[in-house]
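Okay, structure first, notes after.
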Amino acid sequence: MNPTVIIWIAIAFFVFVVILPSIKVVPQRSAYIVERLGKYKQTLQAGFTVLVPFFDKIRYKHTLKEQAIDVASQICITRDNIAVEVDGILYLQVIDPAKASYGIDDYRFASIQIAQTTMRSIIGKLELDRTFEERETINTSIVDAVDKASDPWGIKVTRYEVKNITPPQSIKDAMEKQMRAEREKRAMIAESEGQKQAKINVAEGDKQELIKRSEGEKQRKINEAEGKAAEIEFVANATANGIRAIANAINDKGGYDAVNLRIAEQYLLEFGKLASTNNTLIIPSNLSDISSIIASATSVFQTINKDKKQG
């Protein structure tokens, strides 16, 4: 075989077997741990790097992006001895790739275990009803515990979220009955409040109606009293005017003769009525002397007129 061909084959073999494996390209947001002869040498960041053949070797590869790790569900016993099933999600990030490589064998597994044990400890201090209310407290406590434990590992725990807290079916049924009772209670309270308000409104309306009616009755009586007073006053004025007119007529010429004639007519008219309506008739002793009756009446009028002039 041609020696030149053998040389080129040897060069190609050297390139593919020795040189190419030593060329490394680290992706963005990644870190590679390089060991030289089994000892930590350096941490490769994103970019192009050439390693020393046969001496340098990439031992660990880490992603620097935030990782979401599913924490499997587990059974936790609450303070009131209720077994609940709890799961969650743990968010963490590699801060120091060297510590993450040599500080612990598997930081993901260790972080999950600490999160689960911390969860059992926290749930054991809470009653069942409070476990649903204290999610934020549970999340914060787990983050603090895992972050503190993972600090030597070069890990930063960013947050933890409880996904589900699942009580036993019997507890679910009891809670559902309790919630149904609470809803019915609120409905009854709301209905009673509505009835109370309705009765208050009706009573207030009746009160206003009675007040308005009494005010109307009062005004009606006032109006009737004023009308009667006006009527009495009008009748009194008319009577006074009539009497005054009669008095003036008597004082006029021939007034006395007219009064005498009127008295005689009235006397005879009333006497005739008396005679027609009664079986027993009382006859005056001086019935034959009508002129004496008229004279007596005339003397009365003269006396009245005299007193009026003197007054």
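The table for this structure:
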item	result
Three principal axis lengths of the range 67-167 [C-alpha, angstrom, descending]	44, 20, 19
Inter-centroid distance (Cα atoms) of the range 181-216 relative to the range 11-90, Å	74
Amide proton proximity set for Arg159, modelled H, under 5 Å, gap of 5+	Tyr91
Footprinting exposure proxy for Met119, Met175, Met188 (fewest neighbouring C-beta atoms within 10 Å first)	Met188, Met175, Met119
Long-range amide H partners of Ser30 with built H, under 5 Å	Ala46, Leu64
Amide H partners (placed H, <5 Å) of Tyr40, local residues excluded	none
Residue-by-residue Karplus 3J(HN,Hα) for the range 199-206, coefficients 6.51, -1.76, 1.60, Hz, glycine and proline x	5, 4, 5, 5, 4, 5, x, 4
Cross-link table Lys41/Lys156; Lys163/Lys185; Lys39/Lys61; Lys125/Lys148, entries beyond 27 Å C-alpha to C-alpha	Lys163/Lys185
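Rule-based calculations on the coordinates, nothing more; no lab input. No experiment lies behind these values; they were computed from the predicted model shown. Please note: Cβ atoms are built from the backbone with ideal geometry, for glycine as well, and neighbour counts cover all protein chains shown.
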